[in-house]
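Colleague: Sharing a structure with you now.
The values are calculated or read from the model by the stated rules, or taken from the named source; none is laboratory data. Predicted, not measured: the structure shown is a model, and the values here were computed from it. Don't worry about glycine lacking a Cβ; one is built from the backbone with ideal geometry, like all the others, and counts go over all protein chains shown. Just so you know, the surface numbers come from the protein's heavy atoms only, side chains and all, with ligands and any DNA or RNA stripped out. Shrake-Rupley method; radii C 1.70, N 1.55, O 1.52, S 1.80 Å.
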Amino acid sequence: GLCASSKPAVPSSMKLHVLPPSANSHGCIAIVKYLDMDIEIENAYGKTRTEEFIKMNPCHVCPTLQIDDTTAIWESGAIMRYLCNIAPNGDKLYPKDPLKRARVDLVMDWRQTALYPCIPSIGYGIFGMPVDTDEAKEKFKALQEEHFKILTDVYLKDTKFCYSDTPTIADLAIAPALNFIKARKKFWEAVPQAVKDYQARVLEAFPGAKENFDALEGMATGWDGEGNDAEP
């Protein structure tokens, strides 16, 4: 094992509460594994509405990072930044240079406000939530005509990852979520090859979270709900 001094300066009581197949948990899991952080990863499935969980996080969402008995933070982007800020080697995934960092933040903001809102109607049927096929088609059209073009022609114009030659937390915010599109087979077939290749590059860079990426992909490709074979 590693000697104590080479371990990140992280309180050993820290726990990352996750939903294992959830894309929003995947980036956080990948960081803990990639940076070899001494943080326990806890499956919170079925526990987020318990009195104990709500006391820790009144918004009862995952992922949640429990820092100690009285302190927790949630929202995946905030957790990913925090993990990189406290890990001695965190700048590998979240650069310290102000401009490079701003570009990572820019892409993460775009993911939350532009890209991700298109995902639920396409893929949340896998979680048993009601989804509308017409809305899914509309959202996929927005991905095709606008958001994927921004991703490939702007953020990936000169680099293999978003504004970077190596993967960052911005890529971890984007790539796992694209697995939801696989719930509708013909939608995924229509995704530009450059986007598929990008997703594969990102996921391959984080083998520590492979079982989580694969779990979501398996749920998506196995979904047989209404509209799973709809034309985009």
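Colleague: I want to check the label-to-label distance for residue 153 and residue 197. Put each point 7 Å from Cα in the C-beta direction and report it in nm to one decimal.
Modeller: 1.7
Colleague: Mind pulling the angle between the C-alpha long axis of helix 193-204 and the longest principal axis of the chain? Nearest 10 degrees, somewhere in 0 to 90.
Modeller: 20
Colleague: Which loop-located trypsin sites (Lys or Arg not before Pro) does segment 132-206 contain, where loop means any DSSP state but H, G, I, E or B and the Cβ has at most 11 other Cβ atoms within 10 Å? If you can, show how the numbers build up before the last one.
Modeller: Numbers: sites: 137, 139, 141, 149, 157, 160, 182, 184, 185, 186, 196, 201; in loops: 157, 160, 184.
Listed in order of number, the matching sites are 157.
Colleague: A further question on this structure: How far, in nm, would the chain grow between residue 221 and residue 142 when pulled straight, counting 0.36 nm per residue and subtracting the alpha carbon separation? Kindly include the intermediate steps, with their values, before the conclusion.
Modeller: Values: separation 79, 0.36 × 79 = 28.44 nm, distance 2.20 nm.
Once the chain is fully extended between residue 221 and residue 142, it gains 26.2 nm.
Colleague: Please give the length that would be gained between residue 70 and residue 91 if that part of the chain were fully extended, namely 0.36 nm times their separation in residues minus their C-alpha to C-alpha distance (nm, one decimal).
Modeller: 4.8 nm
Colleague: What does the highest-first list of 169-179, 71-81 look like by mean Cβ count within 10 Å? Please list the in-between numbers first.
Modeller: Details: 169-179: 27.2, 71-81: 19.2.
Result, highest mean first: 169-179, 71-81.
Colleague: Cα centroids of segment 116-167 and segment 13-85: how far apart, whole angstrom?
Modeller: 24
Colleague: Okay, next question. Just the accessible area per residue of the chain, please: how many Å² with a 1.4 Å probe? If you can, show how the numbers build up before the last one.
Modeller: Working: 11390 Å² over 232 residues.
I get 49 Å² per residue for this part.
Colleague: If you take the alpha carbon radius of gyration of segment 26-119 and divide it by 2.2 N^0.38 Å, what ratio comes out, to two decimals?
Modeller: Numbers: Rg = 14.4 Å, N = 94, 2.2 N^0.38 = 12.4 Å.
In units of the globular-protein estimate, segment 26-119 measures up at 1.17.
Colleague: Right, here's the next one. Using only DSSP helix segments of four residues or longer, with each worth -39500 (n - 2.57), what per-residue ellipticity at 222 nm results for the chain after dividing by its residue count and rounding to 500?
Modeller: Per the formula, -11500 deg cm²/dmol.
Colleague: Given a 1.4 angstrom probe, I'd like the percentage of the accessible area of segment 89-166 that is carbon and sulfur, rounded to a whole number.
Modeller: Percent of accessible area from carbon and sulfur atoms in segment 89-166: 51.
Colleague: In nm, what is the difference between 0.36 nm times the number of residues separating residue 42 and residue 134 and their Cα-Cα distance? Each step should come with its number before you reach the end.
Modeller: Numbers: separation 92, 0.36 × 92 = 33.12 nm, distance 3.68 nm.
This chain segment gains 29.4 nm when fully extended.
Colleague: Counting only protein heavy atoms and using a 1.4 Å probe, what share of the accessible area of segment 10-59 belongs to carbon plus sulfur, as a whole percent?
Modeller: Of the solvent-accessible surface of segment 10-59, carbon and sulfur hold 49 percent.
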